[in-house]
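Visitor: Sharing a structure, written as structure tokens. Questions coming.
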Amino acid sequence: MKDKRLLKSHIDHYVENNRSVAIRLLQDLLNFKTVVGTPYREIQEYIGERLRTLGLEIDLWEPKLSDYSDLPWFDAPSRYYPDGFKDKPVLVGTWKGQGGKSVIINAHVDVVSPDPISMWSCDPWEGVVRQGNIYGRGVIDTKGGLAAAIMALDGLKKSHFTPAGRIHF
């Protein structure tokens with residue numbers, strides 16, 4: 001779609017008409033108990049399937065910890081990776097554009113522990129909606145961002161947008 005005003009109109013319409021879909025998607029993501037250090041293959045496969053239905057090419061793999069452990073920027077505590085990346089795969093969905101510059105949308109699926117659960121007024125894994133707010137472990141770090149990004153890709157696809165370059169999610 002070349003006309004930016006028309007694209008904006010399509011996206012505005014999409015956002016207004018898909019609010020409940022976005023909320024359900026975020027709730028689905030929150031249902032995965034992906035506390036730091038625990039396996040998170042299931043949520044990655046769930047996200048991968050969502051991206052696949054949007055037409056993105058999916059790459060899901062378990063990196064070798066030895067490829068990263070000696071790098072100066074890799075400072076994840078070893079207690080989170082006792083078996084390396086077993087059941088903690090990396091997921092990339094790619095939307096091929098027209099060969100221009102690419103963009104990367106990046107987030108993580110693991111969250112810090114919600115303990116003590118007794119401090120919560122609701123189940124942190126449900127995504128309870130109250131007075132227009134969603135409550136749950138990971139809403140702002142970063143499952144909310146994941147849901148928003150997936151919805152943005154869906155909206156762009158349904159608006160017949162073609163990216164100039166690749167979009168890597």
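The values are calculated or read from the model by the stated rules, or taken from the named source; none is laboratory data. If you're wondering where the values come from, they're calculated on a predicted model, not measured in any experiment. Cβ placement follows ideal geometry from the backbone for every residue including glycine, while neighbour counts extend to all protein chains displayed. Surface accessibility is based on the protein's heavy atoms, side chains included, excluding ligands, DNA and RNA. Shrake-Rupley method; radii C 1.70, N 1.55, O 1.52, S 1.80 Å.
Visitor: Look through region 6-30, keep the residues that are at pLDDT 95 or above and surrounded by 16 or more Cβ atoms within 10 Å (Cβ to Cβ), and return whichever of them is farthest from residue 79 (Cα to Cα).
Guide: 18
Visitor: Any chance region 149-169 includes a residue that's open to solvent by 40 Å² or more (accessible area, probe 1.4 Å) and closer than 19 Å to residue 39 by Cα?
Guide: no
Visitor: Can you find a residue that is under 20 Å from the mean Cα position of the chain (by Cα), surrounded by 12 or more Cβ atoms within 10 Å (Cβ to Cβ), modelled with pLDDT of 95 or more and within 18 Å of residue 48 (Cβ to Cβ) anywhere in region 111-134?
Guide: For region 111-134, residues under 20 Å from the mean Cα position of the chain (by Cα), surrounded by 12 or more Cβ atoms within 10 Å (Cβ to Cβ), modelled with pLDDT of 95 or more and within 18 Å of residue 48 (Cβ to Cβ): absent.
Visitor: Here is a further query. Select from region 94-118 the residues that are over 21 Å from residue 27 (Cβ atoms) and not charged (D, E, K, R) and list them in ascending order.
Guide: Within region 94-118, 94, 95, 97, 98, 99, 100, 102, 103, 104, 106, 116, 118 meet the criteria.
Visitor: List the residue pairs whose Cβ atoms are under 7 Å apart, where the first residue sits in region 64-85 and is part of a loop (DSSP other than H, G, I, E, B), the second is open to solvent by less than 60 Å² (accessible area, probe 1.4 Å), and the two are 6 or more positions apart or on different chains.
Guide: 64/84; 68/74; 81/65; 84/65; 85/63; 85/65
Visitor: Okay, moving on. Among what's in region 89-101 and is in a strand (DSSP E or B) and under 14 Å from residue 153 (Cβ atoms), pick the residue that is least open to solvent (accessible area, probe 1.4 Å).
Guide: Among those that are in a strand (DSSP E or B) and under 14 Å from residue 153 (Cβ atoms), it is 93.
Visitor: Any chance you could count how many residues in region 37-76 are more than 28 Å from residue 26 (Cα to Cα) and either open to solvent by less than 80 Å² (accessible area, probe 1.4 Å) or in contact with a helix residue (DSSP H, G or I) (Cβ under 6 Å, 6 or more places away or on another chain) (or both)?
Guide: Residues meeting the conditions: 5.
Visitor: Under 8 Å by Cβ, and 6 or more places apart or on different chains, what pairs join a residue from region 39-61 that is at pLDDT 95 or above with one that is open to solvent by 70 Å² or more (accessible area, probe 1.4 Å) and assigned to a helix (DSSP H, G or I)?
Guide: What qualifies is 58/52; 60/45.
Visitor: Looking at region 42-63, which of its residues are of a type in the set (D, E, K, R) and either outside any helix (DSSP H, G or I) or over 26 Å from residue 155 (Cα atoms) (or both)?
Guide: Listed by number, the residues that qualify are 57, 59, 62.
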